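This report concerns only the one structure given below.
Here, each number is a calculation from the coordinates, and none is a lab measurement. This one's a predicted model, so the numbers in the text were calculated from it and none came from an experiment. When we count neighbours, we look across all protein chains shown, and the Cβ atoms used for this are built from the backbone with ideal geometry, even at glycine.
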Amino acid sequence: MAKILIPTPLRPYTDKQDAVDVAGATVGELLADLTRKHSGLKGHLYNEQGKLRSFVNIYVNDEDIRYLQHEKTPVAADDTVSIIPSVAGGAPAVTEAPTLSNDEVKRYSRHLIMPEVGMEGQRKLKAASVLCIGAGGLGSPAAMYLAAAGVGRLGIVDFDVVDFSNLQRQILHGTPDVGRSKLASAKDRLNALNPEIQIDTYETALSSQNALKLFEPYDVIVDGTDNFPTRYLVNDACVLLGKPNAYGSIFRFEGQASVFGAKDGPCYRCLYPEPPPPGLVPSCAEGGVLGVLPGIIGVIQATETIKLILGVGEPLVGRFLIFDALRMKFRELKLRRDPECPVCGTHPTVTHLIDYEQFCGVTPAAPEPAVVSNATEITSLELKQRLDRGDKLKIVDVREPNEWQICRIPGAVLIPLGDVPRRYHELDPNDELIMQCRSGVRSAKAADFLRSVGFPRVLNLKGGILDWIDKVDPSQPKY
Amino acid sequence: MSDHALIVTRDVEAAIRRHGEATYPHECCGALVGRDGRVTATVALPNTTEEGPRRRFLVRPSDYREAERRSSELGGELLGFYHSHPDHPARPSQYDLDHAWPTFAYIIVAVANKSSHDMTVWYLKEDRSSFEEGTLNHGEDSHSNAAPAVHG
C-alpha cells in the first residue's frame, strides 16, 4: 500500500481527493491500481500507445522516475509518490505547418498526389519564406514558379524600373509595365498568379547595412544578382546567418547554378575567394544574354529552393552546375568547403559584412576614365553644329558589328575597339577624328591609343551614340 | 463557446498583459490563482523551454510545485495557467492541445510588436479532442454586458 498525491487538475477524477491509497510494489503497479479505481484518469495520464504522456511526471519522494527505473521503480510503504504536471504549450511552430484551405487543396492538387510532396510537403511550402534578390532575368522565373508552387511568403528586393530592354527575358514584366517600378509590376503579376501567398517587396539597393536585417526572416535566399559586389554580399550575409543561397548566374549562352551556404556545404568564396579584376568579366548589360537562359537557370534555382524546403532529393550542395545552351549540355564540378575560406572556413577573417564595392575594385561614379580631359572631348550638340557647319570630320565607331546594325551616326566608319591596333593605318593622321562607341568608354580607350601612336587631332564623343540619339537624332533606337 | 466562464480582475488582466509584453518576442507563462472560477492573483513563472521560447513555453515540475504552494499561501486554488503567443493569434495551437491538462483554465494573450492584444480562455474537452473557448469576464464590473470576452 502506498499513497499517490494527485495534482489539482486531476482531483475532479478522484472525488476531489488530493491523495489516493493504492496497492502495488512498483510505480507501474500503483498507477495501474489508481486508474482502475478512478478510470477517468487514464486518458489524461497515458497516450494512445499506453505510454505515460510526456508532460506527466511521476516522482518517488523527490526523484523523477525517469532517473530511476521508470515505471519499474520499486516503491516501499513509506515512500511518497506524486504526479506532478509540467505545463507546456506555445504558438504554432514550423513543425506545425499551417493547414490548407479547400481552394488551396484544389490549386495544389498535382503536388498533393505526389508522395514526395503530399499534404505534409505542401504545408511546409506554405509555412516557408523565400527572399529573391532582384526581380530581373533570374528573379522573374524563380519568383513565378515559387509563387505558383505555394511558397507562403515571398520577398523581393529591387530598386529598378522596367525598361524595354528587360522584356526580352524578364517575364515578370509586360510591355504596359515599362516605366513602372519592377516591384509594383512583380507584385501584380505574382498576385494574379497566386493570391493565396504573401508578397513582401523591398524597394532598396541591397547593402552591407541592410542585408542581414532583410535576410533574417527568410528561410532561403535566391541570388539573382548581376554584379560581383552584390554576389559577394549575398554570399557572406547567407553564411553569417546560416541560410542557404540558391545561386544562379548567366552570360550569353552559359549559365551556372549551385546551392551555397548550406549546413556543411561550401560557399561562393570557397570557389572564388577573390573577385575578378573589374571590367574583365562583362555583365549581361555589356555582353548580352540569350533571353531564355535566365528561364532555365532561374527555374533551377526555384527547383533547388523547393527541394530544400521539402527536404527531398539531393540538393545542389557541393556541386557547381554549368549549362551551355549552344551545345545543350550540363557539366558538374565538385565543390568542397574550403577550411581556409575567409568567411565559412575554420578560422574566418570575414565576420561581418564589408564594403563590397571596394572589395571588388568597383568605384561607384566615374563612368568615364579620368585620363580623358575636357579638351579631348566633344559633345553631341557640338558635333552636330560642326557637321552642319561643314567641318571635315571623320567619325570612327569602335563598337561591335552587331551593335552597328542597331543604330549608327551617318558617315561614321566602323572599326571595333579590338581591331584598332591592327587597322589604325586605315585612318588618315591629317583628319580630325571623332571616336564614338555606345556610351563613350570604349571610344575613350581608342582615342588614347590613337594619340599614343601619333594622331594629333582625336576627340572622344561624350556619352556615345546614346547621347547622340537623345540630343540629336531621337528617330534611332537605343539599346 | 462552452459553458465555462472565468472572471479575472483588472489587476490580473493587467499583470498578464505586462508579462507578455515584457518577454516579447518570447513567450511568457504563469499560474492563475483564485477560487470558484474567479482569478484573483497570478504567479509569473520562468519559461524553461529548450525548444525556443519564441514558440514554446514550459513550466517545469519544480515550478509547478511552487505554483501550487503559492496558491495555498494566497488562500486560493490553482485554477490554470496563462501564456502568450508572440505574433500569433490568441488561439490554442495543436501543441497546446497535445500538452493540455483537464479542468485547468488556459488563458492566451496575443502579443504583437511588444503590445498585447486579444486575450482568450480555453478548456480542454474531456475526450482531449479539442479546446472549448470559455468566456472571460472582468471582475469589477457588476453588469454582465460590460464583460468583454476578448475574441481571437
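Straight-line reach from A:LYS334: which lysines have a Cα under 27 Å away, not including same-chain ones fewer than 8 places off?
Hits, sequence-local ones excluded: A:LYS243, A:LYS263, A:LYS307.
With charges only on Cβ, +1 for K and R and -1 for D and E, what is the dipole size of the stretch B:65-135 about its Cα centre, in debye, rounded to 20?
Values: 7 positive and 12 negative charges, 39 e Å.
Using Cβ point charges on Lys, Arg, Asp and Glu, the stretch B:65-135 gives about 180 debye.
Summing +1 for each Lys or Arg and -1 for each Asp or Glu, what net charge is found among the other residues whose Cβ lies under 15 Å from the Cβ of A:ASN194?
Overall, the nearby charge balance is +2.
Quantify how strongly other chains surround peptide B:93-99 by giving the mean number of their Cβ atoms within 10 Å of each of its Cβ atoms.
Rounded to a whole number, the mean comes out at 6.
Explain nothing, just the number: relative contact order of chain A, from Cα pairs under 8 Å at least 6 residues apart, as a whole percent.
Result for chain A is 9 percent.
Of A:VAL151, A:LEU241, A:LEU193, which is farthest on the positive side of the dipole of the protein assembly as shown, counting Cα position, with +1 on Lys and Arg Cβ, -1 on Asp and Glu Cβ, and the Cα centre as origin?
Ranked along the dipole, the leading option is A:LEU193.
Using the C-alpha gyration tensor of the protein assembly as shown, what are the square roots of 5 times its eigenvalues, in whole angstrom, with the largest one first?
Gyration-tensor ellipsoid for the protein assembly as shown: 71, 25, 21 Å.
Hey, what did the stretch A:159-230 get for relative contact order, percent, Cα under 8 Å, at least 6 apart? It would help to have the intermediate numbers written out before the result.
Details: 48 pairs, mean separation 17.9, N = 72.
Relative contact order of the stretch A:159-230: 25 percent.
Among B:GLY139, A:PHE228, A:ALA97, which residue has its Cα positioned farthest towards the positive end of the charge dipole of the protein assembly as shown, with +1 placed on the Cβ of Lys and Arg, -1 on the Cβ of Asp and Glu, and the dipole taken about the Cα centre?
A:PHE228
Would you be so kind as to identify which of A:GLY121, A:LEU131, A:ALA184 lies farthest towards the positive end of the dipole of the stretch A:121-187, taking Lys and Arg as +1 and Asp and Glu as -1 on Cβ and the Cα centre as origin?
Most positive-ward Cα: A:GLY121.
Can you give me the orientation-averaged projected area of the convex hull built on the Cα atoms of the stretch A:436-479, in nm²?
Average projection, Cα convex hull of the stretch A:436-479: 3.1 nm².
Relative to the present Cα-Cα distance, how much length would full extension add between A:LEU241 and A:ASP324 at 0.36 nm per residue of separation?
Full-extension gain reported as 26.6 nm.
With +1 assigned to the C-beta of every Lys and Arg and -1 to the C-beta of every Asp and Glu, and no other charges, what is the dipole magnitude of the protein assembly as shown about the Cα centre in debye, to the nearest 20? It would help to have the intermediate numbers written out before the result.
Details: 69 positive and 82 negative charges, 323 e Å.
Computed about the Cα centre, the dipole is about 1560 debye.
How high is the relative contact order of the stretch A:424-476? Use alpha-carbon pairs under 8 Å, at least six apart in sequence, and give a whole percent.
Reported relative contact order: 40 percent.
Have a look at the stretch A:306-459 and give its Rg and Dmax from the Cα atoms, expressed in angstrom.
24.5, 72
Pull out the extension gain between B:ASP98 and B:SER62, defined as 0.36 nm times the separation in residues minus the alpha carbon to alpha carbon distance; nm, one decimal.
Fully extending the segment from B:ASP98 to B:SER62 adds 10.9 nm.
List the aspartates and glutamates whose alpha-carbon lies under 12 Å from that of A:LYS329, not counting same-chain residues fewer than 8 positions away?
A:GLU254
Over what distance in Å are the Cα centres of the stretch A:101-129 and the stretch A:162-205 separated?
25 Å
Assuming 0.36 nm per residue, please report the length gained on full extension of the stretch A:GLN168 to A:ARG180 beyond their Cα-Cα distance.
Computed gain between A:GLN168 and A:ARG180 is 2.7 nm.
Using helices alone, I'd like the mean residue ellipticity at 222 nm for chain B: each DSSP H run of four-plus residues gives -39500 (n - 2.57), total over residue count, nearest 500.
-6500 deg cm²/dmol
Within the protein assembly as shown, what percent of beta bridges assigned by DSSP are antiparallel, to the nearest 5?
55 percent
Regarding the stretch A:54-205, what's the average projected area of the Cα-atom convex hull, expressed in nm²?
14.5 nm²
What is the antiparallel percent of DSSP beta bridges lying wholly in chain B, to the nearest 5?
Within chain B, antiparallel bridges account for around 65 percent of the total.
Would you list which aspartates and glutamates come within 13 Å of A:LYS42, measuring only between C-alpha atoms, while excluding same-chain residues fewer than 8 positions from it?
Output for A:LYS42: A:ASP33, B:GLU126, B:ASP127.
Show me the helices of chain A, taken as full DSSP H stretches, that run 18 Å or more along their long axis by Cα and average -0.5 or above in Kyte-Doolittle hydropathy.
Within chain A the helices that satisfy the rule are A:228-241, A:293-310.
Charges only on Cβ, +1 for Lys and Arg, -1 for Asp and Glu: so what's the dipole of the stretch B:54-102 about the Cα centre, in debye to the nearest 20?
About 200 debye.
Can you tell me what share of the DSSP beta bridges in the stretch A:45-172 is antiparallel? A percent to the nearest 5 is fine.
Antiparallel bridges make up about 60 percent of those DSSP assigns within the stretch A:45-172.
How high is the FRET efficiency between A:ARG66 and A:LYS106 when r is their beta carbon distance and R₀ equals 41 Å, given to the nearest 0.05?
0.30
Based on the mean of other beta carbon atoms within 10 Å per residue, what is the order of A:122-135, A:326-339, B:114-127, most packed first?
For the peptides A:122-135, A:326-339, B:114-127, the packing ranking is A:122-135, B:114-127, A:326-339.
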